[in-house]
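**Student:** Have a look at this one.
The values are calculated or read from the model by the stated rules, or taken from the named source; none is laboratory data. None of the values given here were measured: they were computed from a predicted structure. For neighbour counting, all protein chains shown are included, and Cβ atoms are generated from backbone atoms with ideal geometry for every residue, glycine included.
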């Protein structure tokens with residue numbers, strides 16, 4: 001009896017001890033808690049982004065928007081100085097002489113009035129017989145653009161060379177050079193005397209008033225008279241008819 005109670009007490013003590021061991025094992029498996037609350041950690045600084053390596057390249061020279069025309073010419077060194085060109089006509093033109101005009105001018109020489117007067121190059125109103133409003137060039141020129149300032153009995157070129165009044169075509173050709181070339185070669189102007197032999201032609205100012213060069217409309221000359229014993233031919237308006245109408249008219253005139 002006594003032995004059985006001893007076994008019972010031993011079993012209880014064994015159960016208590018095993019329970020204690022189980023609790024200790026469970027606590028050992030739990031993470032250890034800090035004695036004091038830990039401060040929150042500061043966020044880690046972001047790692048610096050690696051900068052890509054920049055490869056330096058030569059900067060192209062900017063091209064100008066406009067390049068002067070002279071820069072297009074290849075540099076061949078400094079050219080030798082040349083004499084200025086002087087106009088001497090056209091080699092293919094037939095030699096000619098010009099009908100003189102000074103003898104037909106109503107007021108010439110100009111030095112009769114302008115000789116004792118000091119020259120005044122200022123554009124201004126002029127007294128008769130001169131007209132200050134020229135119908136030539138639309139205001140681009142004035143009297144002294146062609147007349148010599150110091151010698152009124154002569155004209156002058158753009159380069160200042162004196163020109164006789166009978167050679168006025170040299171003054172006109174400075175602006176109207178295309179028409180002047182036609183005049184030299186016979187495609188413009190009028191020839192005097194005859195069509196054979198020496199070539200004598202009229203000056204530009206023979207047909208064109210230099211102060212108002214536009215040719216004004218003119219009434220046509222009357223037809224030549226009919227010789228005695230003849231009758232004037234009737235005028236037919238055949239050009240107003242169609243071709244077949246003119247043919248029919250002629251056929252009817254032919255038939256008896």
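**Student:** Yes or no: residue 206 within 24 Å of residue 130 (Cβ to Cβ) and buried (at least 16 other Cβ atoms within 10 Å of the Cβ)? Give the steps one after another, and end with the answer.
**Tutor:** Details: within 24 Å of residue 130 (Cβ to Cβ): yes; buried (at least 16 other Cβ atoms within 10 Å of the Cβ): yes.
Yes: the conditions hold for residue 206.
**Student:** Residues 197, 189: which one is touching a strand residue (DSSP E or B) at 6+ places or on another chain (Cβ under 9 Å) and at positive phi?
**Tutor:** On inspection, the qualifying residue turns out to be 189.
**Student:** Another question, if that's okay. With segment 167-226 as the region, which helices (runs of 4 or more DSSP H) entirely inside it contain at least 1 residues that are within 21 Å of residue 106 (Cβ to Cβ)?
**Tutor:** The helices (runs of 4 or more DSSP H) meeting that bar are 169-172, 204-207.
**Student:** Only residues that are in a loop (DSSP other than H, G, I, E, B) and surrounded by 12 or more Cβ atoms within 10 Å (Cβ to Cβ): list them for segment 132-149, please.
**Tutor:** Passing the criteria: 134, 136, 141, 142, 146, 148, 149.
**Student:** Residue by residue through segment 186-210, note down the ones that are under 14 Å from residue 166 (Cβ atoms) and free of Cβ contacts under 8 Å to residues at least 60 places away in the same chain.
**Tutor:** Result: 204, single match.
**Student:** Also, quick follow-up: Residues of segment 152-185 being touching a residue at least 60 places away in the same chain (Cβ under 8 Å), over 20 Å from residue 101 (Cα atoms) and surrounded by 15 or more Cβ atoms within 10 Å (Cβ to Cβ), which ones?
**Tutor:** Passing the criteria: only 181.
**Student:** Taking residue 120 as meeting all but one of (1) exposed (fewer than 13 other Cβ atoms within 10 Å of the Cβ); (2) not in a loop (DSSP other than H, G, I, E, B), write down the number of the exception.
**Tutor:** Failing condition for residue 120: (2).
**Student:** With respect to residue 108, determine if the residue is surrounded by 10 or more Cβ atoms within 10 Å (Cβ to Cβ), out of contact with any helix residue (DSSP H, G or I) (no Cβ under 7 Å at 6 or more places or on another chain) and modelled with pLDDT of 90 or more.
**Tutor:** no
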